[in-house]
Every structure is written in C-alpha cells, then in structure tokens.
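Readers should treat all values here as calculations from the given coordinates under stated rules, not as data from a laboratory. All values derive from a computational prediction rather than experimental measurement. As a convention, Cβ positions derive from the backbone with ideal geometry for all residues, glycine included, and neighbour counts pool all protein chains shown.
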Amino acid sequence: MPPRMPFRALSWTVLYALLALAPLIVSLVQLDPGRGFWVNLSVAAGFVGLSLMGLQFVLAAHAVRTARVFGLDLLLRFHRQMTWLIALLIFAHPIILFVWDARFLALLDVTQAPARARFAVVSVILLGILIVTSVWRRRLRIRYAVWQVAHSVLATLIVITALAHVLLIGYYVGEAWEKALWVLYSLAFVSIGVWVRVVRPIVRWRRRWRVVAVENDAAGSSTVILEQVDPSAFGPKGFAFHAGQYAWIHAGGSPFAMTYHPFSFSSSAQHPEQVRFTIKPEQGFTATVPDLAPGSVVYLDGPWGHLTMERNEAEAFVFIAAGVGVTPMLSMLATLADRGDERPCLLILGNRHEDRIIGGEALERLQQRMPGLEVVHVISRPGEVWGGESGRIRVDLLDRVLPRDRLRRSYFLCASGPVMDAATGALIDLGIPESSISAERFAMA
C-alpha cells in the first residue's frame, strides 16, 4: 500500500463515523431527560440506523476516491455487513418501545395508527424485504437484473418513509433548522443515487464501446474484444486502466439500465484503446456473450478494483487463481510482457479438468514471450493421463511449488470465496506476510 494510503483510509473512516453520528448529535441537542432512558435509547438507535442507511447510497455509488483507498471488493463487503447493523438498529427502535411500554403496540394497527406510525411500519417492512431478497437471492431464484432494480428502489423508499416518520413525529426535530438539516441530509444521499443513475449513464453513453469480435475457445469461454466508438469522448488523456482491474458491463439497450455485470479486463493495460474481457458463459447475461454481434454497443462503468501491480510493487510476483479468476492475471501478465518487464512470475492456476482451462491458449503465448513466467496447473478432477499437480491449492502444494524467494514476492489472488479463503490461509501458514497478499473475489454480486 502506498505511504499515504493509511492516512487516507483513517481520514475516510473518521469522516464516515462523523456522518453516521451527526444527525444523532444534532437531534439530541435539546434532549429531554423526562422522556426516559429507554425512549431516548430507542430514538438514538433509529437515528443512527437511518443515517447509516443513507450512507449505504455512498458505498453503493462506487465512489472513486474511496474505492482507490480501500478497494471496491472491501467496500462492497462492508456495504453488506453494515446492512446487518442497520437492521439491528432499525428493528431495535420499535422493539425497545414495545418492551418498555406495551401501549406502543397499538401503533402496529396501520388502519387506526397515525401517519407517522404508518410510515415507520412501512419502512421496517421494506427493510425486511430488502434483507431477505439480498441474502437469499439465489435461493429465491431472483434474477440478478430484477434484484438490482428492486434493491435500489427498496433502499430509496426505506429512506423516504423513515424520513417522513421522523419529520411527522417532530419532537426531536422540532426546530425549523433541524427539519431543514434532516431534509438536506437525506437529499444529499439521494442525490448520490441521482448521480449514479442519471449523470453517469449520460457520460457512459458518450463513452460507449462497440464489439469488434467474440472469440470462443475450446475451454468454453468467450473473449469479447471492444473498441471505443468515439476516442475523443474520453478526454485528452483517453481511457486507461491498471492491469488487474475490472469494469461493470452492459451490452446493448440503454446506458441507464441497471443490469450491469462485473468482469475483469483480460487484456494488456498498455493498449487501452481496445480492451478484452474473457467470460465463462453460464446463465443470464453470460450465456448471451457468445452471440454478441460485431458492432453491438456496449457500455462500461469503470475501471474499478485494487488488484493491481501499481499498488503492490515487488521484485517478483506470484499469481494464484481458479477458473475464470485467471482473467485479471492474464491482464497483468500481458501488461508485463508488453512493457518488457522481466521480473520473475509464477502463476498457480486451479481448474476442474485439464481440457477446460480458461485462458490456456493465451498463457501458452505469454510463456513464449516471457522467459521468467512459470505456470503450475492444479487440476481437481484430472483424467487418467494427467501428470501434473492435482487436488486443491493447499499448504502442502504451495510449499512445494513456491520459490525460495517467496517472502520477497507480491501475491495476487482471484477466485471464488472458499478457494480464496483457503489459499490466503495457506500462504499465511507458510509465513507470507498479509501485507504482501492482495485478493479480490470475482463473484461479488
């Protein structure tokens, strides 16, 4: 991590905490002790929960500066984890009141309750729906595109109904300036959503791409080659990305669509005017990739990600990937090859079958160009004639294949969650410093 990164990380963390607590501090300036400890505790939980809910818009907006400091993978995981804290605080708000005084239970009767209570009930119900559909999306068989739209709509409605509840109660925001502050505070968060859903799509329309070709290989993957429709739209510096990063992609239709999907660049960062994405067709959008016609319009939101050599310089590199997680490694290796960089590189690549290695042909070409590149294939379900490494990427295998200068190398990992966790733990068991390990999950959504 660059020297200034820890300071920036601390600064953003402090700012986040201040924004989360600011409404609580302002609203409780004129706190009336006569209302009792439990009532005030309930209100405090509600205020902080609502404030954190607003900050979720910031995290979901993929803010460039914070993404560069923490990495988008970490931000998205934090976004998910904060949802549980928000749920705890929001649900605690009415539960504390119900336990303290059972008369508050009457407010659950939305047919008789005042409007302020109805808005509260609706907000809590919507939050419950948002959590259920997010955590169990796959079990409920909700398509990603449908979930993405519903997630944004639900989050916006939760903030609006909760704000209406706060303003209608009025006790803790009785002054005109307090109401104005709460409205402006909420509008600031909603405006971020407008930026993401309106302004940025307009920019993406100007900076659209088109399909040059789609290359299908024997491993069953498809590589989409894109070029810029109007290079001048990207400004005087043009489009650029760091090897190892990824972009959110939407093919055809409108740039305002919410059905964007994350894929790593698999091409060299030395030639950003034409980019490549290697994708494994499975279901949903990925199943349509092999049928993309040359000339089709594609919109990119990015680049994103912190899995880059620029952030992790070293005398040599080790890349560990599984399946389609090899794509950012292909980008980094191709970039090193184009730069004439001769630092030693070791790629440990896991796959189920030796005849279904994504990026296998590209790796063979890279090995011809890079004398310092060693590739170790690890096959979990090998055929009878396979003579290479087999099984899983565990401590014993890594200890066997890692070079003697292992402690001086930077490590890059990209795979599914279980594989990443196992590989990271194995590296730490072998004495590799955590500061030398950079990881990014390829299935974030």
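Worth pointing out:
- For region 287-445, the Kirkwood hydrodynamic radius comes to 16.6 Å, computed from all pairs of different C-alpha atoms.
- Whole-number percent relative contact order across region 204-260, with pairs defined as alpha carbons under 8 Å at least 6 apart: 29
- Direction-averaged projected area, Cα convex hull, region 354-421: 5.8 nm², rounded to one decimal.
- The alpha-carbon atoms of region 74-230, seen along their principal axes, cover 68, 39, 31 angstrom, with the largest extent given first.
- Neighbours of Trp386 by Cβ distance under 10 Å: Lys/Arg scored +1, Asp/Glu scored -1, total -3.
- Cβ-based net charge around Glu315, under 13 Å, with every Lys or Arg adding one and every Asp or Glu removing one: +1
- Hz values of 3J(HN,Hα) by residue in region 301-318 - Karplus curve (6.51, -1.76, 1.60), Gly and Pro given as x: 10, x, x, 10, x, 10, 7, 10, 5, 5, 8, 9, 6, 6, 6, 7, 10, 10
- Rounded to 5, the percent of DSSP beta bridges in the chain classed as antiparallel: 50
- Computed from the Cβ-Cβ distance with R0 of 51 Å, the FRET efficiency linking Asp291 to Leu18 stands at 0.55.
- Put simply, the Cα atoms of region 222-325 extend 45, 37, 23 Å along their principal axes, the longest span coming first.
- Summarising the overall dimensions of region 253-381 from its C-alpha atoms, the Rg and Dmax are 15.8, 45 angstrom.
- Couplings 3J(HN,Hα) for region 218-232, derived from phi with the Karplus relation 6.51 cos²θ - 1.76 cosθ + 1.60 (θ = phi - 60°), are 5, 7, x, 9, 10, 10, 8, 9, 10, 10, 6, 5, 9, x, 5 Hz, where x marks Gly and Pro.
- The radius of gyration of the Cα set in region 178-259, together with its Dmax, comes out at 18.0, 64 angstrom.
- Take every Cα pair under 8 Å whose residues are at least 6 apart in sequence, average their separation, divide by the length of the chain, and the relative contact order is 12 percent.
- Cβ-Cβ FRET estimate between Arg138 and Asp217, R0 fixed at 30 Å, reported to 0.05: 0.60
- Relative contact order (%) - region 315-445, alpha-carbon pairs under 8 angstrom, separation at least six: 28
- Extended-chain gain in nm, criterion 0.36 nm per residue less alpha-carbon gap, Arg369 and Ala316: 17.4 nm
- Dipole of region 329-374, positive end: most advanced residue of Ala362, Ser331, Ile348 [Cβ charges, Cα centre]: Ser331
- Cα centre as origin, Lys/Arg/Asp/Glu Cβ charges: region 227-379 dipole, Debye: 160
- Taking all pairs of distinct alpha-carbon atoms in region 146-299, Kirkwood radius in angstrom: 18.3
- Taking the Cα centre of the chain as reference, the dipole from Cβ charges on Lys and Arg (+1) and Asp and Glu (-1) amounts to some 940 debye.
- Percentage of interatomic Cα-Cα distances in the chain larger than 42 Å: 26
- Calculated on the alpha-carbon coordinates, the convex hull of region 270-313 measures out at 124 cubic angstrom per residue.
- According to the Cα-based calculation, Rg over Rh for region 70-119 is 1.24, with Rh computed by the Kirkwood formula.
- Within region 385-442: Cβ-based charge dipole about Cα centre, in debye rounded to nearest 20 (Lys, Arg +1; Asp, Glu -1): 160
- For Ala219, the shell of other residues with beta-carbons less than 14 Å away shows a net charge of -4, using +1 for Lys and Arg and -1 for Asp and Glu.
- The string of couplings for region 381-393 from the Karplus curve (6.51, -1.76, 1.60, θ = phi - 60°) is 10, x, x, 5, 8, 5, x, x, 5, 9, x, 10, 7 Hz, one whole number per residue in order, with x for Gly and Pro.
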